[in-house]
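Please read the structure below before turning to the comments.
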Amino acid sequence: MQTLTDKRNVMVIVGREAEPPIVVDALRPRAEGTGFTLLVPASPYGGLDSAVDLSEALDRAEAVRDALTGAGLEVIETIVGDADFAAAAGDVLHSREIDDVVVLVDPEAAIATRPHLVTA
């Protein structure tokens, strides 16, 4: 039996638009010998400077975790993080040993939360 130290730990950033079946399909090909750390950024009500909806993010995190474990994939940890994808990912990367990162977010949605970084 593999121990956690024998497994790769892949952080999966799960955006609002990533439905649980899509996440399962995306991760199934890389599941062998892998455990997944799910990162679900909190949902800002009206931009990054507004309040966040933690309950919605918790519900999404639980739904994705349940779908993955139901499909036989190993979830090491489920985290609800900062509404800013980059800040949330940085927090996880600095506090855990992560071997790889999978980003399952709509690029347009991510850009909408960080418009100051877009240049024409």
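The values are calculated or read from the model by the stated rules, or taken from the named source; none is laboratory data. Since the structure is predicted, the reported quantities are computational estimates derived from the model, not experimental observations. Note that each Cβ is placed from the backbone with ideal geometry, even for glycine, and that neighbours are counted across all protein chains shown.
Contact map, the range 48-59: first residue on the phi < 0 side of the Ramachandran plot and modelled with pLDDT under 60, second residue part of a loop (DSSP other than H, G, I, E, B) and surrounded by 13 or more Cβ atoms within 10 Å (Cβ to Cβ), Cβ cut-off under 9 Å, separation 6 or more or different chains; pairs are L48/D82; L48/A83; L48/D84; L48/R114; S50/A83. Just name the residue that is surrounded by the most Cβ atoms within 10 Å (Cβ to Cβ) out of those in the range 13-45 that are over 14 Å from the mean Cα position of the chain (by Cα) and modelled with pLDDT under 90. Among those residues, the one meeting the criterion is P44. Here the range 1-12 is the region considered, the condition is being among the hydrophobic types (A, V, I, L, M, F, W, C) and at pLDDT 95 or above, and the residue that is surrounded by the most Cβ atoms within 10 Å (Cβ to Cβ) is V12. State whether the residues of the range 70-93 include one that is surrounded by 17 or more Cβ atoms within 10 Å (Cβ to Cβ), touching a Phe, Trp or Tyr at 6+ places or on another chain (Cβ under 9 Å) and at pLDDT below 65. Checking the range 70-93: not a single residue is surrounded by 17 or more Cβ atoms within 10 Å (Cβ to Cβ), touching a Phe, Trp or Tyr at 6+ places or on another chain (Cβ under 9 Å) and at pLDDT below 65.
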